[in-house]
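Everything on this sheet refers to the single structure shown next.
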Amino acid sequence: MTQDQLEELVARAGRSDPDAWEALYRRVYPGLLAYASRRLDHERARDAVAETMARAIARIDRFEWRGGGFDAWLYGILRHVVLDAHRARGRDAGRRERSAPGHAGPLEHTLDNEDAREVRAAFGRLNADDRELLELRVVAGLTAEEVGDVLGKRPGAIRMAQSRALERLRRELERDR
């Protein structure tokens, strides 16, 4: 989808066009669910994505085309929904819950071999900030500008933090070999 097509779709959604909202939902759902699933069990991750879209619908009049754009705006909402879910459960907001048995996330379905297990183990040893940054940049595919909007940081700081996080991940992988 081109930027112009996305802007038109968002404009239609702003006019309460249900077809536009459905198209936006189908477009972002896999990425939002992957992000939420790394932090919540499967059922709560699905609920978090649904809550994110409900909040987006209610607040579309507040959206402005600046910074990271529409996707970053949605990931920012999702991030707050996930933090709210952790607070509601009385858990540390930075701790990632494991998926329920039988509900492997997209990464687990894609990377089901020995190397993938090593990467997941090394990734799990990173601090919560590094994991979140890499998930937004690599798994969700957001740009440094979009991640900067989500996390409230400058794009240059995001790029530097990503470089450092990847270096820490590399060291963790070497430690296992």
Practice item. Determine whether Tyr35 is in contact (Cβ under 8 Å) with a residue 24 or more places away in the chain, under 21 Å from Leu83 (Cα atoms) and not polar (S, T, N, Q). Key: yes
Review point. Quick check, is Asn113 at pLDDT 85 or above and loosely packed, with under 12 Cβ neighbours inside 10 Å?
Key: no
Revision key, fill the gap. Expected output for the stretch 3-21 (first residue within 14 Å of Ile60 (Cα to Cα), partner of a type outside the set (A, V, I, L, M, F, W, C) and in a helix (DSSP H, G or I), Cβ below 6 Å, 6+ apart or cross-chain) is Ala20/Arg12
Practice item. Scan the stretch 10-20 and give yes if some residue there is within 19 Å of Arg87 (Cβ to Cβ) and part of a helix (DSSP H, G or I), otherwise no. Key: no
Review point. Condition test on Glu43, is it among the acidic types (Asp, Glu), at pLDDT 90 or above, in a helix (DSSP H, G or I) and surrounded by fewer than 21 Cβ atoms within 10 Å (Cβ to Cβ)?
Key: no
Revision key, fill the gap. Flagged in the stretch 136-150 as under 16 Å from Gly31 (Cβ atoms) and buried (at least 20 other Cβ atoms within 10 Å of the Cβ), in numbering order, are Leu136, Arg137, Ala140, Leu142, Glu146, Val147, Asp149, Val150
Check your understanding: Which one is modelled with the highest pLDDT, of the residues in the stretch 46-93 that are closer than 22 Å to Arg131 by Cα, assigned to a loop (DSSP other than H, G, I, E, B) and more than 14 Å from the chain's Cα centre (by Cα)?
Key -> Arg89
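The values are calculated or read from the model by the stated rules, or taken from the named source; none is laboratory data. Predicted model, so just to flag it, every value in this text is computed and none were measured. Using ideal geometry, Cβ is built from the backbone for each residue, glycine included, and neighbour counts are taken over all protein chains shown.
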